[in-house]
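Beneath this line is the structure, given in structure tokens, with notes to follow.
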Amino acid sequence: MKSRQRTLTFIATLVSMLNIEAQVMQQAPRLVVNITIDQLRTDYMEAFSPLYTLDGFKKLAEKGLVFTNASYPFSPIDCTSAIASISTGTTPYYNSVVGSQWLDRETLRPVYCVDDKKTQGLLTADNGSPRNISTSTLGDELKATTKGKAKVYSIAPFRNAAIMAAGHAADGAVWIDDKTGYWCTTDYYGNDVPDWVKSVNSLYPNYRFTSENPWEPENKYVGKFNYFLREEAPKPFKHKFSGETQYIEFKTSGLVNESVTKAALHCVSSNNMGVDGITDLLNITYYAGHFNHDSSSDNQIELQDTYVRLDRQLASLISSLELRLGEKNVLFIVTSTGYSDEEDVDYAKYRIPTGTFYINRTASLLNMYFGALWGQGKYVEACFGTQIFLNHKTLESKRVSLTDACQRAQEFLAMVSGVRNVHTSLQLLSNSNPDFVKIRNGFNPERCGDILVEVSPGWRLYNEDNLQSQLSRASYTPFPIIFFGANIKPERVTTPVTVDRIAPTVAKSIRIRAPNACSAEPLF
């Protein structure tokens, strides 16, 4: 009897040891590939699926963990603020990246998100750094945890996307120069152009895409298939890139993603990423928006071809990295920037409520209103986007509190045609109303104005001083968050989730701290 008990105890101990060993053997992925696709939309992604291969979007959808109902926890969204949110795991309220541009309160001049006069461009006239990001990124925390041994790179067609994804401590951020078409970088990440970047420019020069090969449909089926409503059959297209804007147009075409894939794969092989026990991070930005930022009605077949080519590039990237490092050693994350270029719609033609809200005229009227209350003076300093900046020095000299000025401005602006709502900086700093959470999260006291105007949907915001024009829309852009590889089990989750949860999820999977302003929970 005792012998039998000893045998059972031995077997139980052995099973327990095997379970522990199995858990120990489950290593973190050697390479994390964080893919952000600018303007990716679920409806387009699914609509064009008859034209896809089996190893791109279809493979991700069938074998990945797919969160189908994703969104951003702040508003408004653009490419810059979206990528900054993904990399920092938080919102503009904390990371300070409210958009591609904001107004400097000291100079009253627009500031581009990554401009930095202290740096110098390499193979480009543009400088740049991530110094305007006020929190750590996923790559920063990976570098800090591994004492700088992890390799972190970022590759994108656009300067803002490359630098925002890379963060402060990355080994490099590269993008395509608007004038020369070279893959370029900034001396913030090193004094010289890396050899692998020189090699990419030599082996895969972008002029081959622009001067040697015009952009035409990938195959005959792209030209015949049409998802969009239209009376006549779609016409095939053929775009030749030339002149001073050829590379700017190229970066919004379906061809650019092939260039990104080649650069990304060359980066991995040249820098021996994912070959040791320390996890490396590769950030990639692809493009799935409208050609030359035109309306989709003007380039429907181009948009379809962009998705078809993107599908092939995803397939190429995934298969190449799995072959090089092994399926279990690579974790892919795919998501979208969560917005799309506005459509040029003439609502007045169809008697749909619309109009034009002139922000500069409204700011002048507000200044006159304040003058009637407290005497002549420059109470309004500037306006930028939908924001109005008050002159704090003038208010102090008139002995008017900022609270009183903001409240009166709110009451005055609420009566202006085309205004849906008015928010003040003081309210957003102190208000926890769930109805205003997204607007508060998109607000930053150092980068935004004192008054934020919500323009009514269907109305056009127009600034006669800088000719800025923007159609206001409150429509939802559907997009997914997909995790694929590294032994992740396939599943389709319809529960609503937000993209700020990507960073803590990846951080948990590679066993590091989440970025320092990230308070969101991991997705799994």
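The values are calculated or read from the model by the stated rules, or taken from the named source; none is laboratory data. Computed from a predicted structure; not experimentally measured. Cβ placement follows ideal geometry from the backbone for every residue including glycine, while neighbour counts extend to all protein chains displayed. Note: accessible area is taken over every heavy atom of the protein model, side chains too, but ligands, DNA and RNA are not part of it. Shrake-Rupley method; radii C 1.70, N 1.55, O 1.52, S 1.80 Å.
Assorted remarks:
- Efficiency of FRET between THR494 and SER456 - r from beta-carbon atoms, R0 30 angstrom, step 0.05: 0.45
- The lysines within cross-link reach of LYS393, meaning a Cα-to-Cα straight distance under 16 Å and a gap of 8 or more places when in the same chain, are LYS378.
- DSSP H segments from the chain that extend 18 Å or more along their own axis, Cα-based, with Kyte-Doolittle mean of -1.0 or above: 2-25, 256-270, 300-325, 359-374
- Using just its DSSP H runs of length 4 or more, each adding -39500 (n - 2.57), the chain gives a mean residue ellipticity at 222 nm of -10000 deg cm²/dmol after division by all residues.
- Solvent-accessible surface (1.4 angstrom probe) belonging to LYS235, in square angstrom, nearest 10: 150 Å²
- P(r) tail fraction, the range 416-495 - alpha-carbon pairs more than 18 Å apart, %: 62 percent
- Alpha carbon convex hull of the range 334-438, volume per residue in cubic angstrom: 163 Å³
- Alpha-carbon Rg/Rh ratio, for the range 236-297, with Rh computed the Kirkwood way: 1.14
- Between ARG131 and ASN431, residue separation times 0.36 nm minus the direct Cα-Cα distance comes to 105.1 nm.
- Partner lysines for LYS63 [C-alpha distance under 20 Å; skip if fewer than 8 residues away on the same chain]: LYS328, LYS489
- For the range 131-175, the ratio of Cα radius of gyration to the globular rule of thumb 2.2 N^0.38 Å stands at 1.08.
- Peptide packing for 52-63, 86-97, 156-167 was compared via the average number of neighbouring C-beta atoms within 10 Å per residue; ordered from the highest value, the list is 156-167, 86-97, 52-63.
- Mean projected area (nm²) of the alpha-carbon convex hull when the range 254-369 is viewed from all directions: 12.6 nm²
- Label separation (THR245 vs THR180): 2.3 nm, computed from points 7 Å beyond Cα along the C-beta direction.
- The slack in the chain from LEU323 to TYR207, taken as 0.36 nm per residue of separation less the alpha-carbon distance, amounts to 38.8 nm.
- The ellipsoid equivalent to the alpha-carbon distribution of the range 146-272 has semi-axes of 33, 16, 13 angstrom, derived from the gyration tensor eigenvalues as √(5λ) and listed largest first.
- All-pairs alpha carbon distance profile, the chain, 20 Å steps from 0, percent: 21, 51, 23, 4, 1, 0
- Per residue, the convex hull spanned by the alpha carbons of the range 373-524 comes to 169 Å³.
- For the chain, the relative contact order works out to 27 percent when only alpha carbon pairs closer than 8 Å and six or more residues apart are counted.
- Interatomic Cα distance distribution for the range 42-100, bins of 10 angstrom, percent: 20, 35, 29, 16, 1
- In the context of the full set of protein chains, the chain has a per residue accessible area of 47 Å² (1.4 Å probe).
- Per-residue extension of 0.36 nm, minus the Cα-Cα distance of LYS117 and LYS235, leaves a gain of 37.8 nm for this segment.
- Sorted largest first, extent of the range 321-367 alpha carbons per principal axis (Å): 63, 35, 12
- Neighbour cut-off at most 12 other Cβ (10 Å), DSSP loop, trypsin sites (Lys or Arg not before Pro), the range 441-518: ARG511
- Accessible surface of the chain [probe 1.4 Å, protein heavy atoms]: carbon and sulfur percent: 49 percent
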